[in-house]
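The values are calculated or read from the model by the stated rules, or taken from the named source; none is laboratory data. These numbers were taken from a predicted model, which means no experiment stands behind them. Here the Cβ is made from the backbone with ideal geometry for all residues, glycine too, and neighbour counts use every protein chain on show. Heavy atoms of the whole protein, side chains included, go into the accessibility calculation; ligands, DNA and RNA do not. Shrake-Rupley method; radii C 1.70, N 1.55, O 1.52, S 1.80 Å.
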Amino acid sequence: MEFALETHLDSPIEVGAGSAILLKGWCYHPDRALRKLEILLEGKAFDVRRHSITRFDVLRDQEPGLTTRGNSLNSGFSVVLPLSPIADVKEAKVEVRATFSGGLVETTPAGTLRLLPTGPAGIPAAAMNSGPGPLVAIILVTNNPDMEVVRRQLESFRAQTHQNWVAIIGDDASDEHYLELLRAEVATDPRLQLFTNTAGQSSEKHFVTTLTRAPVEAEYIAFSEPGDVWSAERLAACVAAFDTDTVMVATNWESDAEDRHEGEQKAAETSLEAALFGRTPPDGSVVFRRSLLDQVLPLPPAMVNSRPEEWISTATLALGAMRFVDKPLYKPARHPSAVSSGPGSLSAGVRGSLAWMDEPMIVRSNPESVMARRAASIGDLERAALWATVLLARGGGGVEKRAVLERWSKMLETPGKLLREASKVGDHAWTSYFALVSERMLSSFTRRQRRDVLDSLRGLWGLYRAENPVPMGHGIEAAKSEVDFIPSKIAPLNLTVSRDHPTRVNIITSTIDFRYLFGGYFAVFSLALKLSRKGLKVRLVL
C-alpha cells in the first residue's frame, strides 16, 4: 500500500467542548483496486466515504512514466473526524486501514494528534461602571495603525449614547513608534485598555487572546474593524435589539454613493447555511453575547480562507437567533462584501460557465481541463462540513439548527442534497455543488476508462516521444544533441494553484544528483532546513 497524509498533524488541536479535523491525503495499491478506506483514531474506525478521488498530481509523482496500471490516479481521499471533549492533554494515534480487491487488508500508522482540553485564555480586563445599562466590551485589533484614523475611531466610541463600555485594544506586534502613540492615546480614557502581542503568537491566536480579555462582567461583545467610525446611537440600538432569544445583532453601514451595491441594505441578514460558507455579516457590524464564548471557543483547526470572526458569527448563529437593525450605524474603513441571504437561484455567471459540460468526457479528463479545475474548488464545502461537525460536537442549537448542521456535516457525500440546499445559499453553494459533481464525474470516469485516460495523459505530457539518442559526432547533429534538453528545462512550470493546500516555501532548483556534491547543494539543503526549523513548510521543486 502506498499512502500519504497531507493534513499536517504537528500542530496541537484545542478541543474544548468538542471539535473536528479535516484529514486529506492519498492511498492506493499498485496492483489492486481500493474497495474500502478507514481512518482509525485511537483504534476507533471512521469510514472514509469520499475516496478514490482523481489525483493527477499523485499519478505524475508516483508513476512518472505511466507504464503501470496507474492506480495512483484514483488515490485521493478526505474525511472529517469528530473529536470528543477531553479532560487532559492527550496523544491520539492515527492509522489508515485499506481494503483492496481480493480481500487484502493493510493498516499503516499515519501520525499522532496532540489534543489539548482548551487553550490558555487572556486575563480578563478590569471592568468599570461608566453609565447605566449593560457593559459592552469593544474588541479592536491594531497593527502599525494610522493614528489619525484611530483617533477618529476612538472618538466615535466616546460619543456613544450608551456610555457603559470598555474597549479592549489588542496590538499585534506594531513597531515601537506606533505603540508609543497608542499608549499616549489610551492614557486619556480609562475605558481604553491596550494589550500587546509580546509572546510571538500568530495573529489568529492574538485575536482570540484579545477576545477572551473581555471583562467577565460584560454582557455583550462588539467587534470594530480598524478605521470603522460608529454613529452615536450604534451601541444603544444594538443593546435595545436583544431579547431573550437573540444571541447576535448586526447592523447596516453607511456607503458612499459610488460604492453602493444593489441589495446592500439587507446585506447583514444571513442564514446559518450561508454562514457555513463564510457569508456572515461584516465583522464591524456584529454585537453578540459574551456568555457564548465558552461554546464558540476554541476555534476549529485552521483552514485556508477563513477568519476567526467568520467562525464566531457562524457559531453564534447556530446557538440562537440573530436580529438585524436596518439602519446605517457605522461607516467602515473598507467596503464590506455584500451578503445575499435570499433564495440563491443559479446566477447568470454560474450558468454561463457550464458550457464545458458539452465536451466529450475524455477531453475533460486531464489536469488542465475546466472540469478538473472545478473539482479542485471544493474548499468552501469542506469548510462547511468541518464547521457543522464542530458545532454538532459542541451540542449547540435547537432542533431546527441541529437538523441543518446534520445535513451539512454530511454534504460532502451527497451531491443530490447539496443541489436542494443550494437554493437557500446562493452562488457559493452552487459553485460547491458543481465542484462536487465534477469531482464525482471525473473520478468515476478515470476509474472506468483508466486505459484511455492514461493514453490521453501520455500525449498531454509528451511521453509518446521516442527516446532515440542522436549519435554523437561532428557537425550539426552533435550540437543538436547538446541543446535538445534546453526547451524542457526552461519551459514554464505547470502549476495548479489550490487554496486547499497549506502555504509553503518552494525552493526551485534544476536538479539533485548525488553523484555530484558541492557547495550549491549544501546551500539549498541548509536553507530548506533553516526555514523548516522556523516553522515554515518547505518543498523542493526540481
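Numbers below:
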quantity: Failed item, numbered, when THR7 is tested on (1) among the polar types (S, T, N, Q); (2) touching a residue at least 40 places away in the same chain (Cβ under 8 Å); (3) open to solvent by less than 50 Å² (accessible area, probe 1.4 Å); calculated: (2)
quantity: Failed item in (1) at pLDDT below 85; (2) of a type in the set (A, V, I, L, M); (3) not in a loop (DSSP other than H, G, I, E, B), with ILE312 passing the rest; calculated: (1)
quantity: From the options ASP228, ASP171, residue that is surrounded by 16 or more Cβ atoms within 10 Å (Cβ to Cβ) and closer than 16 Å to ASP283 by Cα; calculated: ASP228
quantity: Candidate set: segment 399-413, residues that are open to solvent by 30 Å² or more (accessible area, probe 1.4 Å) and touching a residue at least 60 places away in the same chain (Cβ under 8 Å); chosen: the one nearest to the chain's Cα centre (by Cα); calculated: GLU413
quantity: Members of segment 68-102 found to be in a loop (DSSP other than H, G, I, E, B), open to solvent by less than 10 Å² (accessible area, probe 1.4 Å) and in contact with a strand residue (DSSP E or B) (Cβ under 7 Å, 6 or more places away or on another chain), listed by number; calculated: none
quantity: Contacts under 9 angstrom Cβ, first residue in segment 78-92 being closer than 14 Å to TRP387 by Cα, partner of a type in the set (Asp, Glu) and exposed (fewer than 15 other Cβ atoms within 10 Å of the Cβ), 6 or more apart; calculated: VAL79/ASP47
quantity: Search result, residues across segment 467-505 that are at pLDDT 65 or above, of a type in the set (Val, Ile, Thr) and surrounded by 10 or more Cβ atoms within 10 Å (Cβ to Cβ); calculated: THR496, VAL505
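Rundown of residues vs (1) out of contact with any strand residue (DSSP E or B) (no Cβ under 8 Å at 6 or more places or on another chain); (2) crowded, with 23+ Cβ neighbours inside 10 Å; (3) closer than 26 Å to TRP311 by Cα, yes/no style:
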site: ARG373; (1), (2), (3): yes, no, no
site: ALA388; (1), (2), (3): yes, yes, yes
site: LEU392; (1), (2), (3): no, no, yes
site: ARG440; (1), (2), (3): yes, no, no
site: ARG448; (1), (2), (3): yes, no, no
